[in-house]
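Novice: Below is a structure I'd like to ask you about.
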Amino acid sequence: MIKRTIVALPGDGIGTVVLEAAIRVLDAAGFEANYEFGDIGWEFWKKEGNPLPERTIKLLQQHKIGLFGAITSKPKDAAAAELAPELQGKGLVYASPIVGMRQLFDLDICIRPCKTYLGNPLNFIRRGADGNIEEPFVDVVIFRQNTECLYSGVEWTNPSDQVHEAFLTHKAFLKNFGKVPKEEISISARIFTKKYTGRILKAAFEYARNNGYKSVTVCEKPNVIRETSGMMYKMAQDMQKNEYPEIQLWNTNIDAQMMWLTKNPENYGVIVAGNMFGDIASDGFAGLIGGLGFACSANLGEEIAVFEPTHGSAPKYADYPVSIVNPIAMIASAGMMLHHIGENGIADRIEKAVAEVIAEGKVRTYDMMKMTGSPDVIKQGAASTQQMADAIIAKL
């Protein structure tokens, strides 16, 4: 059998160690693959002025599947200051390579599952009507439109005369900002298109149907952002009525959703949103299942797919003598990759092993022990990144 090739993208900071842990678990579970390591991240921005080099783009174009660790991003001026001296003053502007991959490869569908692991000491709890402590079982899958909305990169500071004059044709802009000097204005465009809004809605409804979820919730703000959020909700209404009548369609505003996610999170199934609100909702629900150390994701296009944990690069932990970070989000992202390529049996084994380690409670990383991250947590009984991976492999 020909081995599949996976493009491994460690990225920055802790990305290297969590990706290494995930590959060890994949190997132990019996997934046979070749790993081509791609250059990506902050070091390549500093040395080459490009955090997503063309050679890495070609690897993904060739092999179609990427497993990505984590990335460092900094504000515009701070990023420019860290460029190599020979690259200074050449007008180079840092752009996040994960956002770049999403747009370059049209990875428009982002899936972020947030499901309770039984026995996780970080699970959300609440007090019931009778005063007893309740621990609701959360099983939410968030579909986030990945390439449009406020992440499209269509922005201006001190917009050109042409852009400024175009905005002045809108009555609300003219009324509220018409007298503001344009050099004092910054503008970000929130763009939705019917094609990609339809694709994310379709993906959400199909997932709900195929996996037994009873509802799809559009989490936007159509009462205020009438054109973009309103378009998504109207398209969802039409799609539900004509194609998915057995699935309930719910509508929540993003601000109210943030309140309800700690009131009745067990009531929600599949949630679909634009880029910004999907990002917010997925981090909120991730907090209910233990935080970003448990939050996995998939970025799917028609040809290429990239799988990543939703946490950042945590550079303050990267240089510890023994890595303390929780690799479960990365391992779960690798499990999503396996499902995507049809290796469901191996994916199920890994998911079962992770769940058993968490439920058993003998091996816990510092976050699971509610410690503040420091090199000393290992001496205090917290498991290292490697020890958590070892425990999962032992269950396999």
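The values are calculated or read from the model by the stated rules, or taken from the named source; none is laboratory data. Predicted model, so just to flag it, every value in this text is computed and none were measured. All Cβ positions, glycine included, derive from the backbone under ideal geometry; neighbour counts span all protein chains shown.
Novice: Would you confirm whether any residue within the range 286-306 is touching a Gly at 6+ places or on another chain (Cβ under 6 Å), assigned by TED's automatic domain parsing to the domain that holds V357 and either assigned to a strand (DSSP E or B) or modelled with pLDDT of 95 or more (or both)?
Specialist: Yes, there is a match, as at least one residue in the range 286-306 is touching a Gly at 6+ places or on another chain (Cβ under 6 Å), assigned by TED's automatic domain parsing to the domain that holds V357 and either assigned to a strand (DSSP E or B) or modelled with pLDDT of 95 or more (or both).
Novice: Additional query: Filter the helices (runs of 4 or more DSSP H) completely within the range 11-109 down to those with at least 2 residues that are farther than 28 Å from E351 by Cα.
Specialist: 42-48, 54-63, 76-81, 97-104
Novice: Within the range 84-118, track down each residue that is touching a residue at least 12 places away in the same chain (Cβ under 8 Å) and more than 24 Å from the chain's Cα centre (by Cα).
Specialist: A84, L87, K90, L92
Novice: Another question, then. Before we move on, is G13 touching a Phe, Trp or Tyr at 6+ places or on another chain (Cβ under 9 Å), buried (at least 16 other Cβ atoms within 10 Å of the Cβ), among the small types (G, A, S) and within 26 Å of Y317 (Cβ to Cβ)?
Specialist: Judged against the criteria, G13 is a match.
Novice: In this structure, is K241 in contact (Cβ under 8 Å) with a residue 12 or more places away in the chain and either surrounded by fewer than 19 Cβ atoms within 10 Å (Cβ to Cβ) or assigned by TED's automatic domain parsing to the domain that holds I14 (or both)?
Specialist: Criteria not met by K241.
Novice: Output the residue which, of all residues in the range 347-371 that are assigned to a loop (DSSP other than H, G, I, E, B) and over 21 Å from the mean Cα position of the chain (by Cα), is surrounded by the fewest Cβ atoms within 10 Å (Cβ to Cβ).
Specialist: K362
Novice: State whether one or more residues within the range 327-335 are assigned to a loop (DSSP other than H, G, I, E, B), of a type outside the set (V, I, T), under 30 Å from D108 (Cα atoms) and under 21 Å from the mean Cα position of the chain (by Cα).
Specialist: yes
Novice: Next question. May I ask you to say which residue of Q61, Q88 is at pLDDT 95 or above, more than 19 Å from S297 (Cα to Cα) and not hydroxyl-bearing (S, T, Y)?
Specialist: Q61
Novice: Here's another thing I want to ask about it. So which of I346, I393 is at pLDDT 95 or above, closer than 30 Å to E302 by Cα and in the same structural domain as I71 (by TED's automatic domain parsing)?
Specialist: It is I346.
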